[in-house]
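Note sheet for the following structure.
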Amino acid sequence: MLFQHTEVDLIRSARAGDRGAFAELLQPEYRTAFRLAYGLLQDADEAEDAVQEAAFAAWRRIGNLRQGSALRPWFLGIVANQCRTVKRSRWWSVAKTDPPEEAAPPLDLAASIDLRRALRRLGHDERLILVLRYYLDLPFEEIATTLGISPKAARTRVERAIHRLRPIMRVQGAAV
């Protein structure tokens, strides 16, 4: 019989310097973190690098995790901030890679490409909220915790981002 550690026990151990406990904490969140980073950066290699850098940052800041708070929203916030840093540091325009192999193939390739192009035209915060809601399928409460806002503000920001995205999609459709 395997002994299962609770998240609270693992956080306590990680705060005490147990790297194994920290790795065990992050392991179930890694795939979600990668999906978030990929959704924001649209580059598998950069997404992998961003998640690894975020994991290092989380290890250094594990003491900042509030007592009783869940790890997932805190870690996803660190990942989102790391992606913002990566986007800011880019000084070139890059042709994007194909989605990771484990991702399901899009039903409509042209629409998928148009959506990705439109998302790139949004600001980081608007893209982040849409990726959290529709790509990671997070509830508004978890989005709110991740971003440090109220659930009502999260819902409002999603609606505003969609409102900004629609005209971009229409313009792209007319241009094609």
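Can you spot a residue in the stretch 60-74 that is within 19 Å of the chain's Cα centre (by Cα) and of a type in the set (Ser, Thr, Tyr)? Within the stretch 60-74, one or more residues are within 19 Å of the chain's Cα centre (by Cα) and of a type in the set (Ser, Thr, Tyr).
With of a type in the set (Asp, Glu) and either modelled with pLDDT under 80 or part of a loop (DSSP other than H, G, I, E, B) (or both) as the only criterion, which of Glu102, Glu126 stands out? Going through Glu102, Glu126 in turn, just one is of a type in the set (Asp, Glu) and either modelled with pLDDT under 80 or part of a loop (DSSP other than H, G, I, E, B) (or both): Glu102. Looking only at residues in the stretch 143-160 that are closer than 18 Å to Arg127 by Cβ and surrounded by fewer than 19 Cβ atoms within 10 Å (Cβ to Cβ), the one that is modelled with the lowest pLDDT is Gly148.
Listed conditions (1) under 20 Å from His124 (Cβ atoms); (2) modelled with pLDDT of 90 or more; (3) in contact with a Leu (Cβ under 9 Å, 6 or more places away or on another chain) are all met by Leu26, apart from (1).
Could we say that Ala14 is over 30 Å from Arg117 (Cβ atoms), in a helix (DSSP H, G or I) and either open to solvent by 10 Å² or more (accessible area, probe 1.4 Å) or out of contact with any strand residue (DSSP E or B) (no Cβ under 9 Å at 6 or more places or on another chain) (or both) here? The answer is yes for Ala14. Pairs linking a residue in the stretch 19-33 that is under 13 Å from Val51 (Cβ atoms) to a residue that is among the β-branched types (Val, Ile, Thr) and surrounded by 20 or more Cβ atoms within 10 Å (Cβ to Cβ), with Cβ atoms under 6 Å and 6 or more positions apart or on different chains, are Ala33/Val51; Ala33/Val79.
Being touching a residue at least 24 places away in the same chain (Cβ under 8 Å), among the aliphatic types (A, V, I, L, M) and under 24 Å from Ala144 (Cα atoms) is a condition met by at least one residue of the stretch 81-88.
Of all residues in the stretch 3-47, those being of a type in the set (A, V, I, L, M) and within 19 Å of Leu130 (Cβ to Cβ) number 6.
For the stretch 63-81, the tally of residues that are assigned to a helix (DSSP H, G or I) and either open to solvent by 40 Å² or more (accessible area, probe 1.4 Å) or at pLDDT below 90 (or both) stands at 6.
The values are calculated or read from the model by the stated rules, or taken from the named source; none is laboratory data. All values derive from a computational prediction rather than experimental measurement. Please note: Cβ atoms are built from the backbone with ideal geometry, for glycine as well, and neighbour counts cover all protein chains shown. Accessible surface is based on the protein model in full, side chains and every heavy atom, while ligands, DNA and RNA are left aside. Shrake-Rupley method; radii C 1.70, N 1.55, O 1.52, S 1.80 Å.
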